[in-house]
Amino acid sequence: MKRRKLILALTLTASIAAIAASGCSNPESSTSETSTPTEDSDAKTLVMATSADYPPYEFYETAKGEGKPIGFDIDIATYITKELGYELEVKDMDFNGIIPALQSERADFAMSGMTPTEERKQSVDFSSIYYDAKNTIVTIEGSAYKSYKELAGKKVGVQLGTTQAEEAKTKAEEVGGITIEPRNKISDLIQEVKAGRIDAAIIEDTVAKGYIKTNPDLVFTEIEESGELSGSAIAFPKDSELVDKFEAVLQEMKENGELEKLVQKWFEDYYEK
Ligand code: ARG
């Protein structure tokens, strides 16, 4: 009896000592709130999420993804953040990961040729549209398809999580016999069309042009029945205080000709080089 009590007492003392020694290093109690990009003490940098597989909006000049992404969106973002007194950090990720990154505030805003759809508006806020585009069918030279109907029986690639993926899915159901092949990156779609593993890819006109510039064995045709507007807007976490600030500078750029200059630079001059 006596011995057992002693052992118990010793164990108890030992545990108390252990608790005391661990003190404030208890991970549960010491974790303060995880800081988000906007709450950092160094709040001067804004993180922009993008999927840099989308020339001329955002892309790497070298094929292997070295260096920093450049393009139309990057220039607009640089202009706006500079005007507002912030540094810009660009975070490249899969397109499908952009909205989750905004929702978890791992990014302050996103520019990625993103269309402000009703569905997305449930999860994020958008600026006004800063550029319009149309969808096209990209194929290997010699087999130009002009409509979804002509794609019956074919394998059709789309980028995961995009409006193109949505449109293709709906049209495939209407037409029947189209196999949708979703991929994370536009560059993967391009490779697979070239290799003949998929027959076509649905990609917007300006971006298709960018890829065809470096892949002359490909062609694109505008889709006749592709109706919906596929303009691009800047996305933000819901209720972000940046929405109005960015919108004000964007309006300024529309009025003072800055936006037009960048359109000229990336959608015209870039293709002529
Ligand atoms: N405009 C389309 C959308 O919003 C495609 C955008 C894809 N962007 C990219 N950087 N890959 O769904």
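Where a number appears in this text, it was derived from the coordinates with a stated rule and is not lab data. Since the structure is predicted, the reported quantities are computational estimates derived from the model, not experimental observations. Reconstructed Cβ throughout: ideal geometry from the backbone, glycine too, with neighbour counts over all protein chains shown.
Annotations for the structure displayed:
- The K82 and E222 beta-carbon pair, evaluated with R₀ = 35 Å, returns a calculated FRET efficiency of approximately 0.45.
- Anchor K121: lysines whose Cα lies under 18 Å away (excluding residues fewer than 8 positions away in-chain): K238
- Three-way shape label, region 122-217, alpha-carbon gyration tensor, a/c 1.5: oblate
- Rounded to 0.05, the FRET efficiency of the E61 and E119 pair, given R0 = 25 Å and the Cβ-Cβ distance, is 0.15.
- Under 12 Å, Cβ to Cβ, from R120 - net charge with Lys/Arg +1 and Asp/Glu -1: -2
- Cβ crowding within 10 Å averaged over residues, with 206-215, 170-179, 192-201 ranked highest first: 206-215, 192-201, 170-179
- Equivalent ellipsoid dimensions for region 230-273 as semi-axes, Å, which come from the Cα gyration tensor, largest first: 26, 13, 7
- Estimated inter-spin distance, T179 and K238, nm [label 7 Å along Cα→Cβ]: 3.9 nm
- Sorting 92-99, 70-77, 130-137, 142-149 by average packing, meaning the other beta carbons within 10 Å per residue, from highest down gives 70-77, 130-137, 92-99, 142-149.
- Segment K44..A248, full-extension length gain: 71.6 nm, with 0.36 nm per residue of separation and the alpha-carbon distance subtracted.
- Among the listed pairs K146/K209; K146/K265; K68/K171, those beyond 27 Å (Cα-Cα): K146/K265; K68/K171
- Virtual spin-label span in nm between E141 and E166, 7 Å along Cα→Cβ: 3.6 nm
- Straight-line cross-link reach from K194 at under 15 Å between alpha-carbon atoms covers these aspartates and glutamates, not counting any fewer than eight positions away in the same chain: E141, E181, D217.
- Fully extending the segment from K149 to K265 would add 38.2 nm, taking 0.36 nm per residue of separation and subtracting the current Cα-Cα distance.
- Of the GluC sites (Glu not before Pro) in region 98-160, those whose Cβ has at most 11 other Cβ within 10 Å and which sit in DSSP loop: E141
- Region 84-152 and region 232-255 have Cα centres separated by 16 Å.
- Taking only the Cα atoms of region 140-273, the ratio Rg/Rh comes out at 1.04, with Rh defined as the Kirkwood radius.
- FRET efficiency for the N256 to S128 pair, using the beta carbon distance and R₀ = 22 Å, is estimated at 0.90.
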